Amino acid sequence: MFGFGVLKGMLVTIQNFFASYFSKDHLTTVQYPEERLSAKERYRNFPFLVYDQAPEDPRCVACDICAKECPPKCITIVRDSDAEGKPLKRPKSFDIDYSICMNCGICEEVCPFDAIFMDHEFELAEYGRFEDLMYHKDRLLKPNDHFKKIRPTDATRIDAKLAAKTQKPAPPVGN
Amino acid sequence: MDQLFVNLKHSILIFAGNFLPEWAVILISILISVTAIAVFGPVTMMYLTLLERKFVGRIQNRFGPNRVGKWGLLQPLADGVKMLTKEDIVPKGADHFAHFLAPVAIVIPALLVFAVVPFGRNMVAVDLSIGILFFLALSSTTTIWIFVAAWASRNKFSLLGGLRSVAQMVSYEIPMVLSVVPVLMVVGSFSTVAIVEAQSGWNWFVLTPWGLIGFVLFFLTGVAEVNRTPFDLPEGESEIVAGFHTEYSGMKFALFYMAEFMNSFTISAIVSTVYLGGWQGPWLPGWLWLLIKSYALILVMMWFRGTLPRFRVDQLMGFAWKFLLPLALLNIFAAGVWLAFARPVNYLLSAIIVALALFILYFANRPDMPKKRVYRYAVE
Amino acid sequence: MNSFAPLVSVVQYVLMFIVLGAAIVTVSIGNLFRAAIFLAFTLLGVAGLYFFLHADFIAAMQILIYVGAIMTLVIFAVMLTGKMQDPLVAQSNRQKIPAFIILCGVSAFLIPTILKAPWRTLATPHATTAANLGRALMGEFVFPFEIVSLVLLVALIGAIATARSDE
Amino acid sequence: MTEENLSTLATQTLEVSLGPQHPSTHGVFRMNATLDGETIVKLKPVMGYLHRNHEKLAEDMTYLGSMPYTDRLDYICSMTNNFAYALAVEKLAGLEVPERAEYIRIIMAELTRLVNHTLLIGFLLNDLGAFFTPVLYAFREREKILDLFESVSGSRMMCNYFRFGGVKIDFSPGFLEGVKSIIQNYPKFLDEFEKLLSENEILMARCQNVGVLSKELAISAGISGPMLRASGVPYDIRKVDGYSIYNRFNFRVPIGEVGDVYDRYYVRILEMRESIKILAQAVKEIPEGPFISPKGAAGAKAPRTFKPPKGQVYGRIEAPKGELGFYLVSDGSPKPYRYHVRPPSFINLTILEDMCIGNKIADAIVTLGSVDIVLGEVDR
């Protein structure tokens, strides 16, 4: 009979109306600033650089692989050099333009030194469109503890790997 | 309690009568009624928007507005401030005069019809002897202003919306008027007050066979008259952007919105008056009964909005002309039979007529109806 | 109720002013669409006057038929005019002078008639109820009523026939 | 009146530009429609507002570098885009995929199909004028699948999960339980969805015999996916090519009869039910083992060493929207010499005019909605 389909549909919606008062499954909104979802461990947002002891001594050796492989080319690295102009194995500047970065995580994958990882931080709103979203080395560097905190599984694995490497006399050569 | 507002007004008038001449008292009496309506209408509209957003929100498994004030109660005020401070944009090619006039004028009939709504015993602004007709007449004038707005915007989407609006109003006006006729026949008066009084003691017209059909018809055509889902073609968002109010912003848009919501309230109030016994009901004061009934109908409208997709133009017309109109006519016949026979027999006879009418119309419309389909799978 | 009378007449005069003013604007304004809008105001004002004359039913009919239906038709007709694409749909006022002369002629007849007519006033206006009206239409005036409906039917058929015979 | 009589009345057609800013063109798409009243006499789709140079960019990038860009083609189903690209490159480089990776891929692809079809039906209803309720129900369920995607790949929509010769990383703990609960609960949701929609008379009336696409035209225009099957052509690349390990699974291919919007809607509902079947089998049978082949893992670690031999391939899959193919030409360098995408929604969109002519403007919107386009893929 004409009209029963409509009535059936209306039954569904009114069921949902009442269910929204009783079941969490039917009121899925998370009231964001007050409530937050727990981040998944593998969640990736923007990259950051890891240092072990001091920010002056990051794991990054300025090999430029991530900059080359970055699909939107948002990473710019300048290699540091000593007084005679001999290149050093650390970046003089390391810039990531967060307004270009597309969170793909390829930099993390290709980095041979496990120096760059994807962060969980997502509240990055800024007033300036260009300079404010251009993250320099000082803002990108975060301690290994931060990495351990946000991604414990990966951190343990990588720490073990690095520890195994430092046992060996010759450290891996960059580039 | 029942006469709370009536007594309030009365005591104010007696108080004023102590030191004012008679004509001033009458003026005050009129002003009180007018002010009450002029305040009640827009406030109703403001909180109806909130109610709709909350209700539809819950239907859609979300909270709805809950940030401005406790439970979002201040949301309508925030919206009002936003609307008032918004830039008023008038398209370059628009007819400025008509573009300005339409939203202003559309509120007038919406407010005027409040005058004949009997909110409770003795609580009607004007007991016109032609109450229902007054309501029907004024609500039909809304079309003109919608059409003026559509034309004045000089926008093709607006124009399409305006044309749809006119076509829709013209079609639904007829079954709407015809669906009230049975009640007028039984009561013998156009007066809304008389109609309510005829339904005292649980003699609600909706409880009769013709009344049930009439109620459904009147409510559906009423929903169509105020352009709400599933009959919201004039502003059909997904097709013609926003229809006749595409080019309106700020307060002018808010006025259209206000007219729409006030119209939905009055149509609900009138439907409850005509078929659901108006302010009649046990225990509670009359005005509360009317509000409960009207809000129940408004919630049904919102429920429609939360559930149903919209008709297409030709289907809308087909529904009105091929189904609602003949049913309304047959319903009048059923009411006539009801009047002609004595109590127990007339129930049976009019029920049979109504059932037959539904049956015939169902089979007559069968070829145009959508059919269920059976699907098969590809053989490997 | 007597002391209330001046108030009523004030409102009535305001309404008359609206009717006349809107009517003058209707015929003199250069924009056809706006003219139609002012015509709506004229008709609404007339409906208001009916209300004050205790002719509620006629007032409602005035709104329902003239404002609701005829005005919609008029505006539709405006939209069908050739100059609709023009932002200011122009109205032709070329026949101003002949129109004025005819107006004067008609007024010359009407005004004296109005002034001379012995207007009878009813002591108590009796209420028009739906039942009374129905009885009048179906009883006393059944013949004119049927004739009118017949004329309308013929007009309808004629309209359809005209539309069809174009092929 | 007959057609001939109508033509004698002088009428003007109305040119309406639906889009690029329009509520229901699913992005920045434009339809230049010529209307006679509300009937469409001509309709020209205008594409390219979202052109992002996808193919040319890929020529200056390593094979892996294009992977995250494929996510952004059809941003609703990034997993299947990854799948098609990975498949093409594997064909080019002759890479083997480990058993477990194949199962992971199929689970992802079928979950993506659920996401896409659910969301499409929600938006189709929005085009029909339902006030967001079906969309939000679709969102509610889609969220659960996206949570799974996020737990595995780190991103909800831009997954970038597939690698040449396998996938990026193995399941996270608890993923398979999540899939199992989807398999258990999704049919319930589909039942609810169908109860809300499938038999709704308004939806049936709006969708049946609207936007009809004949079998012959569908085949000659190169239509693919659910749209082709709704027109009655039993063609599913999962069955035809049996790529990956689809030939191990037991599932059926639903086909429509009429080829109208309703068939397209219903075929998708049935496809979802089949997808759940595939998921159930895959979850049951998934073996332990490596998730990427050693050669593939090396390629992912150092994309510049990944140099497929000279040659050209065309790899295709049955994406939720239709046949998604990648045509690649390699000159032996780490970058593709030519990279071409065969986007299903672009090709399905080419016959929009044929489906719309003679229908009402509201139908054009619905027909467009039923084609299932994502502008990211149409314009690339």
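The values are calculated or read from the model by the stated rules, or taken from the named source; none is laboratory data. What you see is a predicted model, and the numbers here were worked out from it, not measured in a lab. No Cβ is skipped: glycine too gets one built from the backbone with ideal geometry, and neighbour counts run over all protein chains shown.
Out of all the residues in the stretch D:130-148, which are surrounded by fewer than 23 Cβ atoms within 10 Å (Cβ to Cβ) and closer than 30 Å to D:Pro303 by Cβ? Those that are surrounded by fewer than 23 Cβ atoms within 10 Å (Cβ to Cβ) and closer than 30 Å to D:Pro303 by Cβ: D:Ile145, D:Leu146, D:Asp147. Taken as a whole, the structure leaves D:Arg140 outside the set of residues that are under 24 Å from the mean Cα position of the chain (by Cα), basic (Lys, Arg) and more than 14 Å from chain B (Cβ to nearest Cβ).
Output yes when any residue across the stretch C:1-13 is under 14 Å from the mean Cα position of the chain (by Cα) and at pLDDT 80 or above, and no when none is. No; the residues of the stretch C:1-13 include none that is under 14 Å from the mean Cα position of the chain (by Cα) and at pLDDT 80 or above.
Only one entry in D:Asn126, D:Asn209 is out of contact with any helix residue (DSSP H, G or I) (no Cβ under 7 Å at 6 or more places or on another chain) and either modelled with pLDDT of 90 or more or within 14 Å of chain B (Cβ to nearest Cβ) (or both), namely D:Asn209. Among the residues of the stretch B:11-30, the one identified as β-branched (Val, Ile, Thr), away from chain C (no Cβ under 12 Å) and within 35 Å of the chain's Cα centre (by Cα) is B:Ile12.
Would you please name the residue that is nearest to the other protein chains (Cβ to nearest Cβ), looking only at residues in the stretch A:1-49 that are among the hydroxyl-bearing types (Ser, Thr, Tyr) and over 24 Å from B:Lys54 (Cβ atoms)? Looking at residues that are among the hydroxyl-bearing types (Ser, Thr, Tyr) and over 24 Å from B:Lys54 (Cβ atoms), I get A:Tyr43. Filtering the stretch C:28-54 to residues that are in contact (Cβ under 8 Å) with a residue 40 or more places away in the chain and either in a helix (DSSP H, G or I) or under 20 Å from C:Leu103 (Cα atoms) (or both) leaves C:Ser28, C:Ile29, C:Gly30, C:Leu32, C:Phe33, C:Ala35, C:Ala36, C:Phe52. Please specify each residue of the stretch A:125-135 satisfying the condition of being surrounded by fewer than 13 Cβ atoms within 10 Å (Cβ to Cβ) and under 28 Å from A:Val61 (Cβ atoms). Residue satisfying the conditions is A:Glu131 alone.
Filtering the stretch B:56-74 to residues that are at the interface with another protein chain (Cβ under 7 Å from one of its Cβ atoms), in a helix (DSSP H, G or I) and of a type in the set (A, V, I, L, M, F, W, C) leaves B:Val56, B:Ile59. Here the helices (runs of 4 or more DSSP H) wholly within the stretch A:94-153 that include at least 1 residues being touching a Pro at 6+ places or on another chain (Cβ under 6 Å) and touching a residue at least 40 places away in the same chain (Cβ under 8 Å) are A:106-110. Being within 14 Å of chain D (Cβ to nearest Cβ), of a type in the set (A, V, I, L, M, F, W, C), at negative phi and in contact with a helix residue (DSSP H, G or I) (Cβ under 9 Å, 6 or more places away or on another chain) is a description that does not apply to B:Leu329. Scan the stretch B:238-255 residue by residue and report those that are more than 15 Å from B:Lys86 (Cα to Cα) and assigned to a helix (DSSP H, G or I). Scanning the stretch B:238-255 gives B:Ser238, B:Glu239, B:Ile240, B:Gly243, B:Phe244, B:His245. The set of residues from the stretch B:153-164 being touching a residue at least 12 places away in the same chain (Cβ under 8 Å), assigned to a helix (DSSP H, G or I) and more than 10 Å from chain C (Cβ to nearest Cβ) comprises B:Ser153, B:Phe157, B:Ser158, B:Leu160, B:Gly161, B:Arg164.
The residue list B:Phe219, B:Phe215 contains one member that is hydrophobic (A, V, I, L, M, F, W, C), under 25 Å from C:Leu64 (Cα atoms) and either away from every other protein chain (no Cβ under 14 Å) or in contact with a His (Cβ under 7 Å, 6 or more places away or on another chain) (or both), which is B:Phe215. Evaluate the following for B:Ser171: is it hydroxyl-bearing (Ser, Thr, Tyr) and outside any helix (DSSP H, G or I)? No: the conditions fail for B:Ser171. Name every residue in the stretch B:131-152 that is of a type in the set (Gly, Ala, Ser) and at the interface with chain C (Cβ under 7 Å from one of its Cβ atoms), in order of residue number. Residues satisfying the conditions are B:Ala137, B:Ser140.
Set side by side, the residues C:Ala163, C:Ala136 differ, and just one is modelled with pLDDT under 75, outside any loop (DSSP other than H, G, I, E, B) and outside the structural domain of C:Gly48 (by TED's automatic domain parsing), which is C:Ala163. Exactly one residue among B:Arg228, B:Arg305 is touching a Lys or Arg at 6+ places or on another chain (Cβ under 9 Å), modelled with pLDDT of 80 or more and not in a helix (DSSP H, G or I), and that residue is B:Arg228. Every condition in (1) assigned to a helix (DSSP H, G or I); (2) modelled with pLDDT under 80 is met by C:Ala108 except one, and the failing one is (2). Residues in the stretch D:324-380 that are without any contact (Cβ under 8 Å) to a residue 40 or more places away in the chain and hydroxyl-bearing (Ser, Thr, Tyr): D:Ser333 alone. Whether any residue in the stretch D:70-87 is part of a loop (DSSP other than H, G, I, E, B), buried (at least 18 other Cβ atoms within 10 Å of the Cβ) and hydroxyl-bearing (Ser, Thr, Tyr) is what I want to check. Within the stretch D:70-87, not a single residue is part of a loop (DSSP other than H, G, I, E, B), buried (at least 18 other Cβ atoms within 10 Å of the Cβ) and hydroxyl-bearing (Ser, Thr, Tyr).
Here's the yes/no breakdown for (1) crowded, with 18+ Cβ neighbours inside 10 Å; (2) in a loop (DSSP other than H, G, I, E, B); (3) among the hydroxyl-bearing types (Ser, Thr, Tyr):
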position	(1), (2), (3)
D:Glu150	yes, no, no
D:Asp170	no, yes, no
D:Tyr186	yes, no, yes
D:Phe189	yes, no, no
D:Phe193	yes, no, no
D:Ile202	yes, no, no
D:Gly211	yes, yes, no
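Anything in the stretch D:172-184 that is touching a residue at least 12 places away in the same chain (Cβ under 8 Å) and in a loop (DSSP other than H, G, I, E, B)? List them, or say none. D:Ser172, D:Gly174 - these are the residues of the stretch D:172-184 that are touching a residue at least 12 places away in the same chain (Cβ under 8 Å) and in a loop (DSSP other than H, G, I, E, B). Taking the stretch B:168-197 as the range and being more than 10 Å from chain C (Cβ to nearest Cβ) and among the polar types (S, T, N, Q) as the test, the residues that pass are B:Gln168, B:Ser171, B:Ser179, B:Thr192.
For the stretch B:219-277, the candidate set comprises residues that are touching a Pro at 6+ places or on another chain (Cβ under 6 Å) and of a type in the set (D, E, K, R); within that set, the residue that is farthest from B:Trp151 (Cα to Cα) is B:Glu237.
Of the residues D:Ile237, D:Ile255, D:Ile223, the single one that is within 30 Å of D:Glu96 (Cα to Cα) and touching a residue at least 12 places away in the same chain (Cβ under 8 Å) is D:Ile237.
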